[in-house]
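The values are calculated or read from the model by the stated rules, or taken from the named source; none is laboratory data. Remember, predicted model here, so these are calculated numbers, not experimental data. Heads up, the Cβs are rebuilt from the backbone with ideal geometry, glycines too, and the neighbour counts pull from every protein chain shown. Ligands, DNA and RNA are stripped out before the accessible areas are found, and what is left, the full protein with its side chains, is counted by its heavy atoms. Shrake-Rupley method; radii C 1.70, N 1.55, O 1.52, S 1.80 Å.
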Amino acid sequence: MNKEYFASMNTSNGFCSYFNEIFSPDRLEAVYIIKGGSGTGKSTMMKRIAEHFEKDGLEAERFYCSSDKDSLDGIIIDKRVAVLDGTAPHTTDPKYPGAVEEIVNLSGCWNTERLKESKKEIISLVSKKNASYSKGYSFLSAAGKLSYEIRKITSEKIKTDKMQQAIHRFFKQGGFKGAGNKTSVRLTSVICAEGRVRLHSFEDESDKICLVTKTHGCAGVFFKEFLDASSTYNLERVISYDPVCPDEINAIYFPEIRLCVVTAEGSEDVYDEKYKVFNLERFIDKDVLCENRAKLRFANKCLNALIDGAVDSFVDAKNYHEKIEEIYTSCVDFKTVRRITELLINNISDIIH
C-alpha cells in the first residue's frame, strides 16, 4: 500500500514546513539531506531509492512537493531512515551531523562554468518565480481572513456540548481503545499549481471512515473536539492541517484502530457501513444558518475565487521553476548522480539489514 503525504504546504500564513517534525533526527536512525539546485535529480534519486526498498518488501513513505505533486521532497524507509531535499524553501541542516544526519552534496555533479554563462537568466527566473509565489500567498492570506469571518458567523452558536456527546458516544459504541496517546503530522492536502490537491492515504489505510459534512466553517472546531476526545481513549493519532487555515486540523487518522476522520462535502447520503457521517448542521443553531445562508453562500463563492487566484499564481511560479530546471538539467552529469544514488542505497541497506 502506498503511503503518500506532503511535508509542507502553501498557506494563508505563507509557506509552512513540517520537515523538522516529520524528518526529526531524534526519531530516525539516519537522515540523508540532499543539497543541490533545481533539476539536479533529487526527486528522481529519492524515487529510485523508495522503489528499491519497496521491491525488498519494506515500507516507503513518500512526501511530495507542496508546489508540484509529481515531485518528491522526501522519503522515509522502514520508519527508520529518511532521505530529503534540504534546499529552500524547506532548508534543512544537520542537528546531529555525522551521528544521525549526512549531507549529500550534488554540486559536484554540475558544470559550474556553464551555469555561470546562464547567470543573468537564472537570476531573472528566480526573481519572477518568487514574485509569483508572493502574489499567490497574498491571495491565500485574503482567503484565510475570509475563512475566519465565515467561522465567526457560525462558531459562536455551536452546540459544543451536543458535539462532544456525539463524539464520545461514537468512541464508546465502537469500543475504541489504544495504547499510543501520541500525535504526529502527515499532511494530506495542499493548494498548488494543480489546484486543491488531496491525497487519500488516510482513507486507503482505514477500515472505518468518518465523513464530516455541511461544515459551514466549523470543521476546525469539530476536529479539535474529536482530537481531544481521542486522548481520553489513549489513541495514537496522525493529523493533517488545512492549507487555508493552517492552525486548524482537516483530517485525523488513528492507526491502532484503522479509522480516519475527513471532510467530505457532498457525501451526506452514504449508507455503506464502512462510513459514518457527521453532519455538522446538527451542532449549529438553525436560526443562525437560516439568517446567514445567503451571506455564507456568497462568502464561500468569494473564498473559492481567492483560492483560484492563488492557484493561477502558483501555475506561473511552476512555469518559471521548470525553466530553471531546464538550465540546470542541461549542466548536470547524471551518471555521477546515479553513482551517488547507488551508494545511498548501499548505506541504507547496511542500516536496515
Before we move on, is SER127 without any contact (Cβ under 8 Å) to a residue 40 or more places away in the chain, under 22 Å from LYS47 (Cα atoms) and open to solvent by less than 80 Å² (accessible area, probe 1.4 Å)? no
Condition met for ARG339 (farther than 29 Å from ASN10 by Cα, surrounded by fewer than 16 Cβ atoms within 10 Å (Cβ to Cβ) and either touching a strand residue (DSSP E or B) at 6+ places or on another chain (Cβ under 8 Å) or free of Cβ contacts under 8 Å to residues at least 40 places away in the same chain (or both)): yes
Can you find a residue that is more than 19 Å from ASP350 (Cα to Cα), under 20 Å from the mean Cα position of the chain (by Cα), assigned to a strand (DSSP E or B) and at pLDDT below 95 anywhere in region 49-68? yes
Would you list the helices (runs of 4 or more DSSP H) that sit entirely within region 155-273 and hold 2 or more residues that are without any contact (Cβ under 8 Å) to a residue 40 or more places away in the chain? 160-174, 219-232
Those residues that are β-branched (Val, Ile, Thr) and either closer than 12 Å to ALA251 by Cα or open to solvent by 40 Å² or more (accessible area, probe 1.4 Å) (or both), I need them from region 183-200; list them, please. THR183, VAL185, THR188
Hey, does region 176-195 have a residue that's aromatic (Phe, Trp, Tyr) and more than 17 Å from MET9 (Cβ to Cβ)? yes
Of (1) open to solvent by 10 Å² or more (accessible area, probe 1.4 Å); (2) in contact with a helix residue (DSSP H, G or I) (Cβ under 7 Å, 6 or more places away or on another chain); (3) part of a strand (DSSP E or B), SER38 satisfies every one except (3)
Condition check for GLU102: open to solvent by 30 Å² or more (accessible area, probe 1.4 Å), at pLDDT 95 or above and in a strand (DSSP E or B): yes
